[in-house]
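One structure is given here, and the rest of the page talks about it.
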Amino acid sequence: MYLRGTLPARGVAIVGSRTPPPEAAAFAYELAFRLGEPVVAGLALGVDAAAHRGALAAGVPTVAFVGYGFGCTYPPEHASLEDDIVRSGGAIATLRPPGTPVSDDALIERDRLQAEHSRAVVLVCTEIGGGAVHTMRFARELGRPRFAVAPPAGAENLAQWAGNVACIADGATPLALDVDAALRALRG
């Protein structure tokens, strides 16, 4: 594994859509901010970035497993977020050698690494084909506790929550879109 920074002890993966509704992004940020333990995510836009930023704001280490080699940050606008994660005592980790561009296979590897390095996985919000669904599948195979936010009232049939509905049907513990309740579930 290629590593920048210091890999923190096993934490909680907070994963989800690159295009979440505002309340889901706010939930990811606040959960990471209040969690009090390392946060694992994938440096993607949306939920991942919100989780990394919440951990950084709280002074908690965060690790980003990424699907590219160093020097090929994806998305490119997250280069400064990469640096912030390393400076704060967290890490950027990948199986791809420096200079390797992002690929679908590498992103699925990243999803597996997130599940392997987590004591639990929280799916905030995702479409049915979102990469976070891979992370949830790997977590199930590894026997990690899996949590998925249940769609808020009126959003049950929206595509942006379809991955959550499928993961709950597959045995993930449903969470309300409520940080206090999520923290109780994760600590219980």
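The values are calculated or read from the model by the stated rules, or taken from the named source; none is laboratory data. Given the structure is predicted, the values throughout are model-derived calculations rather than measurements. Virtual Cβ from ideal backbone geometry, glycine too; neighbours counted across all protein chains shown. Side chains are part of the model used for accessible areas, which takes the heavy atoms of the whole protein and leaves out ligands, DNA and RNA. Shrake-Rupley method; radii C 1.70, N 1.55, O 1.52, S 1.80 Å.
What do you get for the angle between helix 22-35 and the principal long axis of the chain? Use alpha-carbon atoms, 0 to 90 degrees, nearest ten.
Result, in degrees: 70.
Once you list every other residue whose beta carbon is under 12 Å from the beta carbon of A57, what net charge do they have if Lys and Arg are +1 and Asp and Glu are -1?
Net charge in that neighbourhood comes out at 0.
How large, in percent, is the carbon and sulfur part of the accessible surface of region 24-102 at a probe radius of 1.4 Å?
Here it works out to 57 percent.
Tell me which residues come under 5 Å, amide H to amide H, from L175 once H is placed; ignore anything under 5 positions away on its chain.
A148, V149, A150
Is the C-alpha gyration tensor of region 1-50 telling us rounded, prolate or oblate? Criteria: a/c under 1.5 is rounded; beyond that, a/b larger than b/c is prolate, otherwise oblate.
Oblate is the answer for region 1-50, as a/c is 1.5 or above yet b/c matches or exceeds a/b.
When the helix-only estimate is applied to the chain (DSSP H runs of n ≥ 4, each -39,500 (n - 2.57), divided by the residue count), what is the mean residue ellipticity at 222 nm, nearest 500 deg cm²/dmol?
Using -39500 (n - 2.57) per qualifying helix, the result is -12500 deg cm²/dmol.
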